[in-house]
1. If a residue must be surrounded by 16 or more Cβ atoms within 10 Å (Cβ to Cβ), more than 7 Å from every other protein chain (Cβ to nearest Cβ) and among the aliphatic types (A, V, I, L, M), how many such residues does the range B:91-113 contain?
2. Considering only residues that are modelled with pLDDT under 95 and either touching a Leu at 6+ places or on another chain (Cβ under 9 Å) or assigned to a loop (DSSP other than H, G, I, E, B) (or both), which ones fall in the range B:42-53?
3. What are the residues in the range A:76-110 that are more than 9 Å from chain B (Cβ to nearest Cβ) and of a type in the set (Ser, Thr, Tyr), if any?
4. I'd like to check which strands (runs of 3 or more DSSP E) are fully inside the range A:37-99 and have at least 3 residues that are exposed (fewer than 14 other Cβ atoms within 10 Å of the Cβ) and free of Cβ contacts under 8 Å to residues at least 40 places away in the same chain.
5. Scanning the range A:3-36 for residues that are closer than 20 Å to A:Asp78 by Cα and buried (at least 21 other Cβ atoms within 10 Å of the Cβ), which turns out farthest from the other protein chains (Cβ to nearest Cβ)?
6. Identify, from the list B:Glu17, B:Glu22, the residue that is within 14 Å of the chain's Cα centre (by Cα) and modelled with pLDDT of 95 or more.
7. Being touching a strand residue (DSSP E or B) at 6+ places or on another chain (Cβ under 8 Å) and either outside any strand (DSSP E or B) or free of Cβ contacts under 8 Å to residues at least 60 places away in the same chain (or both) is the filter here; which residues of the range B:1-10 pass it?
Amino acid sequence: QKEVEQDPGPLSVPEGAIVSLNCTYSNSAFQYFMWYRQYSRKGPELLMYTYSSGNKEDGRFTAQVDKSSKYISLFIRDSQPSDSATYLCAMSGYGNKLVFGAGTILRVKS
Amino acid sequence: DVKVTQSSRYLVKRTGEKVFLECVQDMDHENMFWYRQDPGLGLRLIYFSYDVKMKEKGDIPEGYSVSREKKERFSLILESASTNQTSMYLCASSPHRGATEAFFGQGTRLTVV
C-alpha cells in the first residue's frame, strides 16, 4: 500500500464548477501538507501549504486537512480553463522527506 | 520569487553516455533535491543535499550520482545512461530539511536512445 493515495483522474468539470481534489495517507507522523499544480511539460508549482489540521484559504483555493481521518482536500471555486493541470498532494513529517501522491489530472471545459 | 533553473529542457542521449544535469537556485537555500517523475509512479527522490559537499541517497539512487560544490548548484550525473532512465527530471530547493515548501525547476525531459 502506498503511503499517499491520490485518484489519478482525469477529472473533467465545466467552467465555474467547484472542484474537490483529495488525498488519503497512512502515516500518522505527517504534519506538513502541500498542494502543487503542474502544467504540462513544466515543473510543479507550490499552491498551498498547511501545517497540522484545519483549513487555509487563498483566493479561489481552500486546503483542508483532517488528521483524524488522514484525509486532505483542495477545493477550487469558480474553476477556470486555466486551472486545467495536474494537482499533486505532498506531505511530510518534521525533518523527513516529502512524499508525493501520483497526481490528479483536472480538465476544466469552457 | 524563488528561482530554480535547470540547464536543459530537453535532452537526447545515447545508451552508455555520461550525462550531466545541472540545477541552480537563487534563494540561498541549503537544501536541494533531485526527483524523477514517471507516469503512474509520481515523483521519486533520487538524491538530496543539506549542505555544500554533502549528499544523501533518496529512494532510487542506483545509476546516479550527484555533486554539490557550491551552495546554489546541485548536479545530477548519470554515470552510464540506460533506456530505463528516460524520464522527466526535476530539481528542487527548500528552506527546510525535508523539502517542505519545495520550489521546483521547470524539469528536464531526458530521452536515452
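The values are calculated or read from the model by the stated rules, or taken from the named source; none is laboratory data. Just so it is clear, the model here is predicted, and its values are computed rather than measured. Note that we place each Cβ from the backbone using ideal geometry, even for glycine, and neighbour counts take in every protein chain shown.
1. 3
2. B:Gly42, B:Leu43, B:Leu45, B:Tyr50, B:Asp51, B:Val52, B:Lys53
3. A:Ser79, A:Ser82, A:Ser84, A:Thr86, A:Tyr87, A:Thr104, A:Ser110
4. By residue number, A:54-58.
5. A:Leu21
6. B:Glu22
7. Correct list: B:Val2, B:Lys3, B:Ser7, B:Ser8, B:Arg9.
Matching residues to (1) buried (at least 20 other Cβ atoms within 10 Å of the Cβ); (2) free of Cβ contacts under 8 Å to residues at least 60 places away in the same chain; (3) outside any strand (DSSP E or B):
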position	(1), (2), (3)
B:Glu17	no, no, yes
B:Trp34	yes, yes, no
B:Gly40	no, yes, yes
B:Glu62	no, yes, yes
B:Tyr89	yes, no, no
